[in-house]
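Asker: Sharing a structure, written as C-alpha cells. Questions coming.
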Ligand SMILES: C[S@@+](CC[C@H](N)C(=O)[O-])C[C@H]1O[C@@H](n2cnc3c(N)ncnc32)[C@H](O)[C@@H]1O
C-alpha cells in the first residue's frame, strides 16, 4: 500500500449525524458499490467455482451451500476490510484449524488476497467482494462467529461520505447477530476519537460487554496490517479495542 497518509484531526461524536447514518444503514443505504443483490454486470474477475471467492450476485446455489458448510465446519473468524490481506493471509496460515472469511470491496485488493490464498495453498480462507454491511446477515449463519476483526477502517471524514462508515448501532446489531456468545469484536484504529465513538455505541448496545484490555493477549501474535505497519514505522499510535458478545 503506497498512499498511506496520516489521518486528519479527530473524529467527533455528532449525535445527529450518527442518527442519520444509522437510519440509512437500517434502510440498506450507503453501501459501497450499491446493493450487492442488484449488481447487473457479471464480474469476469471472479474465478470459476468452486474457488473460495464469494460474490453474492454471481454465486450458484451450490456455491452458497459450499460457503455455508465452510462456515459451519470449524471455528470462524471474519475480517471486514482486509485491504491487501497482509493480516488475514498470515493469520489464516498460523491457524489451520480455523476458518476465515475476508470481506474487501476493492477488487484490486480482493485479487491480491485471493492470489495469496492460492500461492500459500490455504484451504481455510475465503474472500468475499461484497460490502460486508449489506451481506453479512445473509451469508453468515447466526451465532457462529468467534471473532470479527475490523482493523483500521476508513473514518470517511467527509460529511457526504459519512454514511459509508461501517460502525453504527445497526452494524452492531449485525455483528451481534453473527457473533456467538463470548465471541469478540476486535476493533483497531489510528483515528483519534474513533475508539471513543465505538466505546459509546457499544456501551449503549445490550448485546455487548465493553472493552476488555485483557483480551489483547489472545491477539498477541497477530500480524500487523499494512496500515498498522505504516503506523509503527511513523510512530503513529494504534488504539485497540476488544468487545465481547454477551
Ligand atoms: C483503510 S483500509 C485498511 C485496510 C487494512 N485493514 C489495513 O489496515 O491495511 C480499509 C479497507 O476496508 C475496505 N472496506 C471499506 N468498507 C468496506 C465494507 N463495507 N465492506 C468490505 N470492505 C470494506 C476498503 O476497501 C479498504 O480496503
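The values are calculated or read from the model by the stated rules, or taken from the named source; none is laboratory data. What you are looking at is a predicted structure, and each value in this text was computed from that prediction instead of being measured. Ideal geometry is used to build each Cβ from the backbone, glycine not excepted, and the neighbour counts take in all protein chains shown.
Asker: Quick one: how many residues across the range 189-206 are out of contact with any strand residue (DSSP E or B) (no Cβ under 6 Å at 6 or more places or on another chain), buried (at least 17 other Cβ atoms within 10 Å of the Cβ) and over 20 Å from residue 24 (Cβ atoms)?
Answerer: Residues that pass the stated criteria total 2.
Asker: OK, next. Is it the case that the range 86-96 has a residue that's within 16 Å of the ligand (Cβ to nearest atom), modelled with pLDDT under 95 and within 20 Å of residue 139 (Cα to Cα)?
Answerer: No: zero hits.
Asker: With 34, 30, 83 as the choices, which residue is free of Cβ contacts under 8 Å to residues at least 60 places away in the same chain, within 16 Å of the ligand (Cβ to nearest atom), surrounded by 12 or more Cβ atoms within 10 Å (Cβ to Cβ) and within 20 Å of residue 135 (Cα to Cα)?
Answerer: After applying the criteria, what remains is 34.
Asker: Then there is this: Hey, any hits in the range 110-124 for a residue that's under 29 Å from residue 192 (Cα atoms) and touching a residue at least 40 places away in the same chain (Cβ under 8 Å)?
Answerer: Yes; the residues of the range 110-124 include at least one that is under 29 Å from residue 192 (Cα atoms) and touching a residue at least 40 places away in the same chain (Cβ under 8 Å).
Asker: Taking the condition of being within 11 Å of the ligand (Cβ to nearest atom) and touching a residue at least 40 places away in the same chain (Cβ under 8 Å), how many residues in the range 136-159 meet it?
Answerer: Qualifying residue count, the range 136-159: 8.
Asker: Condition check: in contact (Cβ under 8 Å) with a residue 24 or more places away in the chain and surrounded by 22 or more Cβ atoms within 10 Å (Cβ to Cβ). Does residue 93 satisfy that?
Answerer: no
Asker: Output the helices (runs of 4 or more DSSP H) that fall wholly within the range 160-246 and possess 2 or more residues being more than 27 Å from residue 141 (Cα to Cα) and in contact (Cβ under 8 Å) with a residue 24 or more places away in the chain, or say none.
Answerer: Those helices (runs of 4 or more DSSP H) span 194-203, 226-233.
Asker: Something else now. So, residue 170, is that one surrounded by 16 or more Cβ atoms within 10 Å (Cβ to Cβ) and within 16 Å of the ligand (Cβ to nearest atom) or not?
Answerer: yes
Asker: Any residue at all in the range 177-188 that is over 23 Å from residue 54 (Cβ atoms), modelled with pLDDT of 95 or more, within 14 Å of the ligand (Cβ to nearest atom) and surrounded by 22 or more Cβ atoms within 10 Å (Cβ to Cβ)?
Answerer: Scanning the range 177-188, I find at least one residue that is over 23 Å from residue 54 (Cβ atoms), modelled with pLDDT of 95 or more, within 14 Å of the ligand (Cβ to nearest atom) and surrounded by 22 or more Cβ atoms within 10 Å (Cβ to Cβ), so the answer is yes.
Asker: Same structure again: Take the residues in the range 104-125 that are crowded, with 23+ Cβ neighbours inside 10 Å and within 16 Å of the ligand (Cβ to nearest atom), then tell me which one is nearest to residue 49 (Cα to Cα).
Answerer: Looking at residues that are crowded, with 23+ Cβ neighbours inside 10 Å and within 16 Å of the ligand (Cβ to nearest atom), I get 114.
Asker: Select, from 75, 48, the only residue that is without any contact (Cβ under 8 Å) to a residue 60 or more places away in the chain and surrounded by fewer than 20 Cβ atoms within 10 Å (Cβ to Cβ).
Answerer: Exactly one of 75, 48 is without any contact (Cβ under 8 Å) to a residue 60 or more places away in the chain and surrounded by fewer than 20 Cβ atoms within 10 Å (Cβ to Cβ), namely 48.
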